[in-house]
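The values are calculated or read from the model by the stated rules, or taken from the named source; none is laboratory data. As the structure is a computational prediction, the values presented were derived from the model and not from experiment. Positions of Cβ are generated from backbone atoms using ideal geometry, with glycine treated the same way; all protein chains shown enter the neighbour counts.
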Amino acid sequence: MSDRIAKRVFGLLFETSPDAAFVVERKHWKVVSANLRTVDMFARDADELFGMTIQELSYDAERDLTLPGRYEDVTFRGSDDYPIYVALQVAHLEIAEHGPVAAYMARDISERRRLEDELQSKHSALFTAHGELEKAHAALEIAKLELETRNHEIALLAWRAAMGELVAGIAHHLNNPVGALASTVRRLGQLSAKLPDELRVEQERLLSRVNQIARRIETNVAAIVQASRSNTFEDVHNRPELPRELEVVLATFAERMDDIPTKGQS
């Protein structure tokens with residue numbers, strides 16, 4: 001009787017369709033007929049399958065599958081309770097010999113669902129990896145900037161050390177003759193004190209002028225040495241004791257420091 005019901009409802013589709021086809025009587029919603037594809041899909045014996053209700057076969061307890069229409073992503077319950085994902089088509093029919101029945105056509109989409117889940121999982125993993133890559137790239141950029149800054153600082157320290165040595169050497173060579181000049185002026189002052197008054201006045205005026213020049217040279221050299229030892233050259237412009245020529249030289253040094261190439265810069 002079951003085969004006759006199925007053939008009456010589905011015709012040749014009952015035997016030839018690649019989809020599961022089964023008939024449910026609408027009084028108690030129990031399976032009364034099914035093709036071989038249905039038996040294979042549920043992995044149940046026909047005797048076990050017949051008499052089971054739609055509610056027993058469905059994992060979607062809150063989903064009403066008795067109404068006619070098309071249902072996407074329906075989850076049926078196979079043997080050992082493993083899930084079967086199907087696209088379901090339901091139609092209501094009236095058969096004179098058997099009364100009201102519902103015809104079900106179920107296309108197994110479990111493999112497609114598995115591939116979609118796998119693709120979604122890979123997409124999520126790729127999205128996560130992309131986020132981690134962006135974080136790593138941002139961290140690399142920060143590290144690069146820090147390294148460039150550190151290289152620039154090291155280059156400035158090396159440049160200042162070299163300039164300090166250069167200025168110290170120049171100051172040494174300037175201070176030696178200036179010191180000798182100051183010593184000579186003091187000796188001449190001692191000798192001038194023994195001269196007659198009419199000769200001593202003009203000579204002492206000249207010696208005082210030479211002594212002032214020697215002290216000014218010493219002051220300028222000391223100011224340059226102090227400026228070269230400073231952490232920055234910003235205070236160079238605030239030294240009124242320096243002649244304009246020396247201020248220009250030191251200011252030029254300060255400006256050139258910004259143009260010092262460091263490793264990693266083009």
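Side notes on the structure shown:
- Qualifying residue in the stretch 175-193 (condition: surrounded by 15 or more Cβ atoms within 10 Å (Cβ to Cβ), of a type in the set (S, T, N, Q) and closer than 16 Å to Gln226 by Cα): yes
- Residue ID - farthest from Arg26 (Cα to Cα), chosen from residues in the stretch 97-133 that are of a type in the set (Asp, Glu) and assigned to a helix (DSSP H, G or I): Glu132
- Elements of type strands (runs of 3 or more DSSP E) in the stretch 9-96, at least 2 residues being closer than 24 Å to Arg112 by Cβ and of a type in the set (Phe, Trp, Tyr): 69-77
- Condition check for Ala143: modelled with pLDDT of 90 or more, more than 30 Å from Asp64 (Cβ to Cβ) and part of a helix (DSSP H, G or I): yes
- Within the stretch 69-97, the set of residues being of a type in the set (Phe, Trp, Tyr) and either over 15 Å from Phe22 (Cα atoms) or loosely packed, with under 11 Cβ neighbours inside 10 Å (or both) comprises Tyr71, Tyr82, Tyr85.
- Residues of the stretch 21-78 that are in contact with a Pro (Cβ under 7 Å, 6 or more places away or on another chain) and either on the phi > 0 side of the Ramachandran plot or among the hydroxyl-bearing types (Ser, Thr, Tyr) (or both): Tyr59, Thr75.
- Residue in the stretch 146-153 that is part of a helix (DSSP H, G or I), at pLDDT 80 or above and in contact with a Ser or Thr (Cβ under 6 Å, 6 or more places away or on another chain) present: yes
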